[in-house]
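The values are calculated or read from the model by the stated rules, or taken from the named source; none is laboratory data. Since this is a predicted model, take the numbers as computed values, not measurements. Cβ placement follows ideal geometry from the backbone for every residue including glycine, while neighbour counts extend to all protein chains displayed. Just the protein is used for accessible areas: all its heavy atoms, side chains included, with ligands, DNA and RNA removed. Shrake-Rupley method; radii C 1.70, N 1.55, O 1.52, S 1.80 Å.
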Amino acid sequence: MNRIGAVDLARGLVMIIMALDHVRDLMYIHSINQSPTNLATTTTILFFTRWITYLCAPTFVFLAGTSAYISSRNKNISEIRMYLIKRGLWLVFLEFTVFNFALYFDIGFHNYIFEVIAAIGFGLIMLGVLIRVQSKIIGLIGLIIIFCHNLLPLIPFEEGSIIKIVLSPFFAPGRFPVSGESFFFMAYPPVPWLGIILIGFAAGTFFELQDGSRKKLFSKIGFAALGLFILIRFINIYGDPIPWTNQKNSLFTFLSFINITKYPPSLLFCLITLGLLFLFLAYADGLNKRVFNLAAVYGKVPLFYFILHFYFIHLIMIFMLLIQGFDWSQLDFSSGTFGRPQNAESGISLWVVYIIWIIVVAALYKPCLWFGNYKASHKEWWLKYM
């Protein structure tokens, strides 16, 4: 199968949105001490600035599974298994080296964080193990994980038991000491995200359908997922660890209703984000060609963009701190604040965050276009891992 435009487009759009979240996280004046989804302190625009980026990680992970399926078609099973496992291990390695440094700029590596790139790497390794299994069975395993992993906290494991200690990092976020002042953060527990990559792989078969049939199927899946989200969320018993509640007005009650849990991705988080993704994939071909081509430039080189944009944003943040009068010796790179001093006010207002975001995305267009063209015209082995 050739490249699928809707996949590049979806991935490109969420990568553009992703940069907004990372600019906000590193540079917004209140990002260190205020959660944008805390309804007691947030504003509507701040809430949606964060909420819209919820679409990014599940889209990345789902489409990583879809791309794995597309790349495995008509290829030797042993060859594709080795490729998936090696690519998965490569992504995990990049997470703890290149990406961890991009996040913290900490040359001492006091914090190791398992985030979306490592979660995708883990998922690809597991896909390599399962590659001989029928895609329908792989999809069924993924659905079971997504619908049932929220049951784990309900199981009454004895506190401190070996089973709980071993299983918890695979299902829930946590902070674990490594040595001295170094810590390991499990931000993206691999099992819940594995469910998403598995159904993404199984959904790869849908892209073999004719355009009309595929659009109809994706529409049905998307609306069914959103309908199920509304039903389960309204019942307010299962599907997310934080129930919705009546707030000070109807708008904030609605925000509470859609304020779902990403860490780890709850059932409701998966239903609403993947439901929207399926609807987007159903109608992507109808978008303006200029928008299509622009977003696809980023979507064709996801790993290249991810590396570049994080370093770029972090360098801008350092420049911001120096402009605001901080001395280099005041910058704190080892405590997890990305370099921002903990006991002094720093950062920019939300409207400036949006300006910096537009600058970052625009500045990376030409490099992404160049690398995309380079990949298309060269066949070096290492390009398969980028």
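Taking all protein chains into account, the per residue accessible area for the stretch 245-386 stands at 50 Å² (1.4 Å probe). Between the amide H of Phe184 and those of Tyr112, Phe176, Val178, distances stay under 5 Å, these residues lying 5 or more places away or on another chain, with hydrogens modeled in the peptide plane. Expressed as a whole percent, the accessible surface of the stretch 181-226 that belongs to carbon and sulfur atoms is 62, based on a 1.4 Å probe.
State the antiparallel share, in %, of DSSP beta bridges confined to the chain, rounding to the nearest 5. Of those bridges, close to 55 percent are antiparallel. Between Ser266 and Thr261, the built amide H atoms are under 5 Å apart, and every one of these is 5 or more places off in sequence or on another chain. In this Cβ point-charge picture (+1 for Lys and Arg, -1 for Asp and Glu), the stretch 294-386 has a dipole of about 580 debye about its Cα centre. Under the combined filter of DSSP loop state and at most 11 neighbouring Cβ atoms within 10 Å, the stretch 176-217 retains none of its trypsin sites (Lys or Arg not before Pro). About its Cα centre, the dipole of the stretch 42-165 is roughly 640 debye, where the only charges are +1 on Lys and Arg Cβ and -1 on Asp and Glu Cβ. Rolling a 1.4 Å probe over the protein heavy atoms gives the stretch 29-83 an accessible area of 42 Å² per residue. Quick check: pseudo-label points 7 Å beyond the Cα along Cα→Cβ at Ala376 and Val133, how many nm apart are they? Once both label points are built, they end up 3.7 nm from each other. Among Val291, Val61, Val352, the order of accessible area from largest down is Val291, Val352, Val61, computed with a 1.4 Å probe on protein heavy atoms. Derived scalar couplings between HN and Hα for the stretch 8-21 equal 4, 5, 4, 5, x, 5, 6, 5, 5, 5, 4, 4, 4, 5 Hz in order, rounded to whole Hz, by the Karplus curve 6.51 cos²θ - 1.76 cosθ + 1.60 (θ = phi - 60°), x for Gly and Pro.
Only protein atoms count toward the accessible area here, which uses a 1.4 Å probe; on the stretch 3-115, the carbon and sulfur part of that area reaches 62 percent. For the stretch 38-63 versus the stretch 81-141, the spacing of their alpha-carbon centroids is 23 Å. Please give the Cα centre distance for the stretch 162-201 versus the stretch 305-380, rounded to the nearest Å. Answer, in whole Å: 27.
For the chain, a crude dipole built from +1 on the beta carbon of Lys and Arg and -1 on the beta carbon of Asp and Glu, taken about the Cα centre, is about 1460 debye to the nearest 20. From most to least packed by mean Cβ count within 10 Å, the peptides 255-261, 43-49 give 255-261, 43-49.
Mean residue ellipticity at 222 nm, helices only, the chain: -19500 deg cm²/dmol; runs of at least 4 DSSP H residues each add -39,500 (n - 2.57), and the sum is divided by the number of residues.
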